[in-house]
Structures are given as structure tokens and as C-alpha cells.
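A short worksheet on the structure shown next.
The values are calculated or read from the model by the stated rules, or taken from the named source; none is laboratory data. This structure is a prediction, so every number in the text was calculated from the model and none was measured. No Cβ is skipped: glycine too gets one built from the backbone with ideal geometry, and neighbour counts run over all protein chains shown. For accessibility, only protein heavy atoms count, side chains too; no ligands or nucleic acids. Shrake-Rupley method; radii C 1.70, N 1.55, O 1.52, S 1.80 Å.
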Amino acid sequence: MTNTIEEILHTDAIFIIGSNTTENHPVIGATMKQALRNNGTKLVVADPRRIELADYADVYLQIKPGTNIALLNGIMNVIIEKGLQDREFIEKNTENYEELEEIVKDYTPEKVAEICDVKAEDIIKAATIYGEADKAGIFYAMGITQHTTGTDGVMSISNLALLTGNLGKESAGVNPLRGQNNVQGSSDMAALPSDYPGYQKVFKEEVAEKFEKAWEVNLSRKVGLTVAEMLDAAEKGDIRTMYIMGENPMVSDPDINHVKKALESLDFLVVQDIFFSETCELADVILPAASFAEKDGTFTNTERRVQRVRKAIEPVGKSKPDWQIIMEVMNLLGYDKKYSHPSEIMDEIASLTPQYGGIDYVRLEDKDGLQWPCPTKDHPGTKYLHGTAIARGKGLFVPAKYKESAELPDREYPYIFTTGRILYHYHTRTMTGRVEGLNKQVPEAYVEIDEVTANKLDIKDGDKVRLTSRRGSIEVGAKITDIISEGVLFMPFHFAEAAANYLTNPALDPIAKIPEFKVAAVKLEKID
Amino acid sequence: MVKLTINGIDYEVERDKTVLQVCNDIGIDIPTLCHDERLEPYAACRMCLVEIEGAKNLQTSCSTKVREGMVVHTHNDKVMDARRDVLDLLLSNHPIDCLTCEKSGQCKLQDYAYEYGVREGTYVGEMRNKPIDDSNHFYTYDPDKCILCGLCVRVCDELQNTNAIGFEDRGFGTIVATPFDQGLGNSACVSCGNCVSVCPVGALMPKYDTKFRLWETKKVRTTCSYCGVGCQMDLLVKGDKVVGVEPAFDTFNNGLLCVKGKFGYKFINHGDRLKTPLIKKDGEFVEASWDEAYKLIISKIEDTKAKYGADALAGLSSARCTNEENYMFQKFMRAAIGTNNVDHCARL
């Protein structure tokens, strides 16, 4: 998030696109509702499903999955048409406005209404609410990013915020909501094939030299492989050994049949986890890790706040904290550096990562943690980004044209299949699947089917159905609902027994390499 | 600023504050059962009564703003007697079963009864006798223990904004219930447990699977391990087990959690946890020592590297692990193995 969760309470307008906030970030969802109630904040929601917050919205746009960019361009078209853009901000703080104007010109509300399957007047209303607000924040999640056009989607959101001067001030901004507790931190820490910590590029000579000096070792300048590329390479035999820490690709990754084939092709697979996950089945060695309650450390939340994780109990059984296991393996491989406590690792992080430069465990004892960038020991942390100036100097408009999803419904696979999370479970259920109450609440997988489709196929609530895509087939119970449009099927991906990811499309965004989890074509049959 | 006198001492305080807030600021402890700084004043429990000279009756300090020249008494006999009367009334319609009550040791009614020396209720007569609502998977509601402070109803309304519960019936028959009394498990309730976290008595209780008294536990402040909001919370620890979770009230999540944060901790001490390294031998996993596991891993890594080069190895780090662990993992892949083939599930 460019901004801070607390600032939501004082925002004039909230635009949520591709985030089911009350289910997936419940406390942020509650904060938004407080703003609507106490601050008169207006709300625009765009989502293929009529999520809970849609009922609170001034305008709800039930868009067709995969049409975000058309909608965002349409909203910008209206804002420019109505003269609601922030001319002074554009003039002073941005570049390439002319190209944006040129591209969004074609996205009239009428044309966009047709693409997105919504009403033109609602697009105008949404644009007016966002455009007229003094401080407006955009909130998005995987509904924007998990497309072959994910990068364009994020850029379009950035364009909209720049167009209206909603960057670099309180209660506004571009606010991605991070799905996992430390997805921000693991990216900051460079669990990424092209970066060292702090997004310093591995192929830049001065960066590589800095890390070579600090780590006293020679380092590769060659960008590594992303998850999807690793799996492809494993299947081809180019990757021979993999080490997986705390992930469960056999449920979480697209096209599970392909994942399985790839992992089975390896000569050797190490899996390090707290439970015996579906991925563990394919491992040669499994290492038991300590849970978050059994170790010290830090997580960085969605608003860039670095916060302490504290050890409450001893590691269960013979398990060890992940940092200790990794250190011991490194030491055995001949890399001798030892750490006696995670605080020493944080000191090393701070010495090499500009954004974390002022962070240490003594300062983190403060109950509020520290929000990066926090470059020096006397820096208080940063509440919202781009406050004094936009980070790259000028905000760059990167306009994008709407492109269709990689796989569209056709005669053989006539339904749009989209996936997501629900309130009561978490990712691949290795944790929530072992909490009795959560399992009683939602014991098994289901697919949401709209009433018209269900009626046509004579499917009743609870009936077993078969879903088939070009990649796989699963059987699952039907949940008939009026919250999705005709022809759209939604399924939570949490459940290994009927894993939605047997069906999903592994087609990637060319830049971010994110798979298109949100749109696949499937067929639907009732099982008698 | 406003000048006033509290218990004979003169103070100059901020305008627009309540007498209760001012007393809290200067360290005078005023009892409350229905008050929560995050909510609108409610003035229902009458425990915060104070005497304000010139006022006809005792005033609820939570809903009375400070005024110039006010003279306040917070602990004189009249006030103390009134608070005892309040406790007497509450205890007259409350089971005195502290010996077995799960809330004992963290119950405000118990604490105040002790502080004000009220042993039991003296108003003998009918007592509330309603069934426990057990229909939610995570917590229970016992109307007989409820003191109708309304904290749960107001937190659900004003903070969580779910409005799943409200007061039902009137007068002596009043209880907290869901619409049409369908039970918590069949309502709009999203089981966030934010009502449970503010219940001052044993009416709303988590379904614990371990018996404990608060004084047997220690609280450890940490960050929730589920979504990216990063709510702060206290783990309640008894021995080597996490037995409960309380939200942090002095951080950005402001006393709020969701169902996973509040009740999703039971995986930690679950019997299925991996407890020892396992090595696959002839298709079966067998227990191994750390040394054996490490030896095998090192030999395979070195073998792969020697035969095919460092780029034939790849690692997946985890958005579930700490910053320090992610840092270590990428350093392991880069510095110890020699490849940039490291990624994690940010995109999933």
C-alpha cells in the first residue's frame, strides 16, 4: 500500500476492484465500513461477484472477469471528459499524459459497458465519485493481478491515481492488499529471481559487487527463474534439485497435473514445512519447521509495517525455526557465517537494504513497528509514499489497451471459471484445515453456480457436478447463488481434495509472470 | 482548557473530554463495565458514577463532559455505596459459580465484587434462566451470566459493522440474541470474536480445548500469521501450549481480529505437526535424525551442482516465513549454491 490502513477512516472515496476485502482482509474491511458510517465516505466496488461490500456501495459494477482494464480506461475516459482530472498535479508531477489521453479516448462508457457487461451510467457514476473526491484510495488484490494482463491492470490503477492526483497524500493512494502475512516482506527480502533485498537488481554490476563484498563470495549476474519457469525447467530436466520452504505448489499453483509432473521429474526434492502437505508426498527429504509461535522474527504487512513475531513456546518435537535450518545447511555447504538470533540477521538486512536501513530489534519493540522506507536509525518510518516527491521523480503514465483473457469460453468449454479465497480458510488449508471450528464452518470445496445456469442444467444446491477444463477435471458440490452473473463459476482454491487448480490456466503475464487464475474456460456437467 | 477539582485537587484539562477520560489520564481508577473508548458512551452499567457538586443525582462519568469549575468526587462514601448497590443488583441476577466459571480471574464483575466487598446479591427472587447458545463453532453465549452491558452489541455494530446481534425482549427478560433468535450459528455473524474479546464477564466465551486460569498463562505479543493485514495480538500460553488469542488494543487493529486470527490458532499444537526429519526410502517416509537428513541434502546439492551446475538447482521461499528467514533463504541460494533461481508464492 502506498498509504496506511488507519488513513482509510478519513478518506472521501474508496474504490475497490478485485478484492473481497471483508472476507480476505477482514479488519481492513471493518475499517472501510467504519469510514462509510462515520466519515460519509463514498464507495465504488467492481467485482464479478456481488461481494459483501457491494451491498454497501454507492455504485456496484458487476464486471465480467478479465475486463478490469477496459473498466479502468472507461473511468479515466469519463474523468477526462468531465474535466475532473487534476491538471496541476499532472503538469507538475507526471509524464506521458498525452499518450494516456490518446488511448483512453476510445473507451467511452457505452463501449466499456458492452465489454464489461455493466451499465454505462454506472461507469459514469463511479468515475464521478472517484474523480470528484478530494482524497480517494484505490484498493485491489488478486482480482487485478492474476491475469495475463496483470501488469497492465496495476499500471491502469496507477494511471487513474495519477490522473486525479491521488498519490503522495493522506487517505488516498494505490493500495494493493497483500494476501499472505509476509508476502510484502518476502518480496522486500528478495525471494525473487531478479533482485537482491530492497529490489536491487542482480544484473547490475555495482549491486552485485556490493553483495559480493558483504557476503564474501562470488555471485551470479544471471536473472533466475520464477516459480512457473522453474516447473517448466524441471519437467524438461534443466532443474534437477529443488528446495521448497513453506510452500505447497501441489495445491496453490495453476495446472496441478503439470506441477506434479514437474516435481516428479526432479532428481531430488527437499520440502521444509510445519505439516505434511500435498507437496511433501513428492519429497525425498522432509524437514520439520517451527511455526510462527515458536520463533522470533519480523513480518512486513500490507502497509509496509515491519512488526515483530515473538517466540511464545518452544519448537514442537524436534522441529527448528526455518532460519536456523537454512543457516545449518549453508554452514554444511561451506558457507561459514553464523547467527545466534534473528536480530543479527535483521542487522545484516539493514546494512544492505536501504528501505530497512534504520530498522533493528530495539526500535521494533515499539508497539507500532516501523513502516519502510526507514533509511536511518533516526528516521521515524514512512506513513505514505511519494509524499515529498514521486519516487522516480515524475509519475509515469503507462496506458494500456484492453486485451481479452488468454482462454475464453467456447462451445466446448462454455463457462468462465474464476477462483479466490474465502473467510474461513487460508491458502492450501494446511493450517485452517486443522482447526476444528473452521472445518465445521466450511468442511469441503464447492463451486458457485448462478441460478439460471443451474436451472438450465437441472443442478440443485448440493448436487455433485463435474468441472472440466483443457487441463484437468474435478468433482465438487454445487452451491447455487445469486451473487454471480450467468455463465460465471467461482470456486475457492483452498481444498486439495477438489483442487480448483487442476482447472486453472497457467498462462502467464509476460512481465510479472503471474498466472491467470481468475479466468479459465470450463465445462460443467451434473453427475447423476 | 478547563479548570476543575477532582477529589480536592485542582486540575486544568482539555475541553471536550469526559470526566472518565480525565480521571483515566490523571490516574484515578474508575470502575466501568459497559465502557469502551472506541465506542460511543453508553452509560448503562452505572459503575462509573461520580458525585458532581451541585448536580441532583450521581452522574455517569463516561457520558459527562468536563465543565469549568466542576467539583468532582470519585470515591466518597456516597459514590462507593452507589457502586455497591449496582454490584448487588447485578450479582442478585448472576450465578455465583466463580469456582468453575471459565472466566474466573479475568472477570470484571468478579474483580469489582472483590474490590468493593460485595459477597453476593441481596435481592432474593427470580433469576434469569435461559439456555446457552452453543450454535456457533467458536464461542458460546450464556444469557444467565450476561450483565447486558451491551459491549458485544455495540462492537458488532460500531466497529465490526456486522450487526449480527442485538437486544431481544424487554426488562427482566432482555438477552442478547440474533434476529428471530435463530442462534448465533444461523445468523449474519462472521465469528470474528470481537464481541467475545470485550465481554467483561463469562457470558461470551471461546470454545477453548484446554482448561486454564489466566494466572497460569503468559501473554506474548506477536503478529498474526494469516493475511497481510498483520494484526497485532497476544498469544495466551500455558506451559508449552498456545491456549488462546486476545487482540491487541493499543495498535492499528484497535482490538479487532477476524475469525482466523482469534480462533485459528489451534493448528499450532495440533498432533499432525511434523516433529522429526523424514527420508523417503523405497517409497516410504522413515524418521531420520537431523544429521542424516542434512548429510543427504548436502550430498545431493553438491552432486547436482558438480554434474549440472548451480543453475540446475532452484528454491522456493515462503510468504509465510519471516523476513529474516526469507533473507536467509535467498542468501542460501545465491551465496551458498550460486544461483538466482529463487522465488516464492507472491503471485499465487
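Here the relative contact order of region A:174-285, from alpha carbon pairs under 8 Å that lie six or more residues apart, stands at 17 percent.
For a modelled paramagnetic label at residue A:464, 7 Å from Cα along Cα-to-Cβ, the residues of region A:504-528 in reach, with backbone nitrogen under 13 Å, are A:526-528. Take the Cα of residue A:91, step 7 Å toward its Cβ, do the same at residue A:340, and the gap between the two points is 6.2 nm. Take every DSSP beta bridge whose two residues both sit in region A:415-526; close to 60 percent of them are antiparallel. GNM on chain B, alpha-carbon springs under 10 angstrom: the most fluctuating residue among B:112, B:327, B:226 is B:327. Charging the Cβ of each Asp and Glu at -1 and of each Lys and Arg at +1, and nothing else, the dipole of region B:2-91 about its Cα centre rounds to 200 debye.
With all pairs of separate Cα atoms included, region A:8-114 yields a Kirkwood hydrodynamic radius of 15.3 Å. With contacts defined as alpha carbon pairs under 8 Å and 6 or more residues apart, what's the relative contact order of region B:128-207 in percent? Answer for region B:128-207 is 39 percent. What fraction, in whole percent, of alpha-carbon pairs in the protein assembly as shown exceed 49 Å separation? Roughly 24 percent, rounded to a whole number.
Dividing the mean sequence gap of close Cα pairs (under 8 Å, 6+ apart) by how many residues chain A holds gives a relative contact order of 17 percent. Using the Cβ-Cβ distance between residue A:351 and residue A:389 with R0 = 25 Å, the FRET efficiency computed as 1/(1 + (r/R0)^6) comes to roughly 0.45. Extension gain for the segment residue B:7 to residue B:291, taken as residue separation times 0.36 nm less the Cα-Cα distance, is 95.3 nm to one decimal. Structure remark: mean-square fluctuation, Gaussian network model of chain B, C-alpha springs under 10 Å; the largest value among B:32, B:140, B:251 belongs to B:251.
Looking at the protein assembly as shown, what % of its DSSP beta bridges pair antiparallel, to the nearest 5? About 55 percent, rounded to the nearest 5. Label positions at residue B:298 and residue B:99, each projected 7 Å from the Cα along the C-beta direction, are separated by 6.1 nm.
Given +1 at the Cβ of Lys and Arg, -1 at the Cβ of Asp and Glu and no other charges, the dipole of chain A around its Cα centre is 560 debye to the nearest 20.
Note on residue A:377 and residue B:25: their simple-model spin labels are 3.5 nm apart, each label 7 Å out from Cα toward Cβ.
Per residue of peptide A:273-281, the mean number of Cβ atoms on other chains within 10 Å of the residue Cβ is 3. Gap in Å between the Cα centre of region A:251-322 and the Cα centre of region A:87-137? Spelled out, the Cα-based centre of one part sits 43 Å from the other. Farthest towards the positive end of the charge dipole of the protein assembly as shown, among the residues B:230, A:353, A:386, is the Cα of A:353, using unit charges on the Cβ of Lys, Arg, Asp and Glu.
At 1.4 Å probe size, with the rest of the protein present, what percent of the exposed accessible area of region B:1-159 is carbon and sulfur atoms? Carbon plus sulfur share of accessible area: 48 percent. Using only side-chain charges placed at the Cβ, +1 for Lys and Arg and -1 for Asp and Glu, the dipole size of region B:128-207 relative to its Cα centre rounds to 140 debye.
Estimated at 0.36 nm per residue, the fully extended path between residue A:526 and residue A:367 surpasses their Cα-Cα distance by 51.9 nm. Here the 3J(HN,Hα) profile of region A:404-418, calculated from phi with Karplus coefficients 6.51, -1.76 and 1.60 at θ = phi - 60°, is 6, 5, 5, 10, 10, x, 9, 5, 7, 10, x, 10, 8, 10, 9 Hz, Gly and Pro shown as x. Report the antiparallel proportion of the DSSP beta bridges in region B:2-91 as a percent, rounded to a multiple of 5. Given both bridge residues lie in region B:2-91, the antiparallel proportion sits at roughly 85 percent.
Compute the label zone of residue B:37 within region B:242-273: residues whose backbone N is under 19 Å from the point 7 Å along Cα-to-Cβ. Answer for region B:242-273: B:246-257.
Multiplying each eigenvalue of the alpha-carbon gyration tensor of region B:2-91 by 5 and taking the square root yields semi-axes of 20, 15, 11 Å, largest first, rounded to whole angstroms.
Label zone of residue A:10 (point 7 Å out along Cα→Cβ, amide N under 12 Å): in region A:160-184 this covers A:169-172. What FRET efficiency, computed as 1/(1 + (r/R0)^6) with R0 = 51 Å and r the Cβ-Cβ distance, is obtained for residue B:135 and residue B:56, rounded to the nearest 0.05? That pair, residue B:135 with residue B:56, gives E of 0.65. Projecting the Cα atoms of A:233, A:302, A:283 onto the charge dipole of region A:183-371, computed from C-beta unit charges around the Cα centre, puts A:302 farthest toward the positive end.
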